[in-house]
Amino acid sequence: MFFHIGRYVLFIKRVFGRPEKHSVFVKQIIREINNLGVDSLGIVLIISVFMGAVITLQTAYNIDMPLIPKYTIGLAARDSILLEFSSTIVSLILAGKVGSNIASEIGTMRVTEQVDALDIMGINSAGFLVLPKVVAFVMIIPFLVIISMGIGISGGYLAGAITGEVPASEFVYGIQYAFKPFYILYALIKSLVFGFIISTISAYWGYHTIGGALEVGRSSTRAVVTSSIQILLFNLLLTQFLLA
């Protein structure tokens, strides 16, 4: 564990070295925003709409006491989506999609000696390959989380209205009731941290792949597992630090 922590720190130091050429760096960031962020929009939308619907219906089915007003269903759905699901659950899903993508791409370049070729040419391969991915993903993941929030709440609204479990007016009132704007800021802070964790840890495992195609698959698996564990750990720490 301490070996990997030390090597990860040294790797991050190399990654954040000065870019070779700013024009090329900017083009790489734009390309990675499309590859890592825009291409992930579909799965974020699908997960969010069903997530919001399930939260709303489960809350409605488990509230049997007539003394509890219906608008609390909208309130519970809103807080669950803003505080936890749109940031943490979406990040866990992206750790599987984006993390495996980064690890397998860089791992393949490592085992085919493309990374060694960059080093021989005097290019900082870690910075050239990894930094655009880190910057692009940290930039785009807050937008994915914001979209997830809106789609998740909309999914809950539609589920409640279609099934008749929650009147539309009551759900909307619950969404607006005692709203705290800090919850959105809290989710965005978590998304930035999670984006950095996913991109750097996945790149670390891919960059240090040794062997052939089989090892690339193993590095991809390690990237997803390690990223997921760190997301859960930092979710606990950030919740204690920001909401306590």
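The values are calculated or read from the model by the stated rules, or taken from the named source; none is laboratory data. Given the structure is predicted, the values throughout are model-derived calculations rather than measurements. When we count neighbours, we look across all protein chains shown, and the Cβ atoms used for this are built from the backbone with ideal geometry, even at glycine.
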Taking segment 150-182 as the region of interest, how many residues are closer than 21 Å to L94 by Cα and surrounded by 17 or more Cβ atoms within 10 Å (Cβ to Cβ)? 4
Hey, can you tell me all the residues within segment 202-217 that are over 16 Å from T112 (Cβ atoms) and in contact with a Ser or Thr (Cβ under 8 Å, 6 or more places away or on another chain)? S202, W205
Do we find that M51 is aliphatic (A, V, I, L, M) and modelled with pLDDT under 85 in this structure? no
Close pairs (9 angstrom Cβ cut-off, 6 or more residues apart or separate chains): without any contact (Cβ under 8 Å) to a residue 12 or more places away in the chain and closer than 14 Å to G52 by Cα in segment 161-173, in a loop (DSSP other than H, G, I, E, B) and of a type in the set (K, R) anywhere: none
Residues that are hydrophobic (A, V, I, L, M, F, W, C) and surrounded by fewer than 16 Cβ atoms within 10 Å (Cβ to Cβ), at least 2 per element: which helices (runs of 4 or more DSSP H) completely within segment 39-137 meet that? 41-62, 114-120
Test: residue in segment 16-27 that is part of a helix (DSSP H, G or I), in contact (Cβ under 8 Å) with a residue 24 or more places away in the chain and of a type in the set (A, V, I, L, M): no
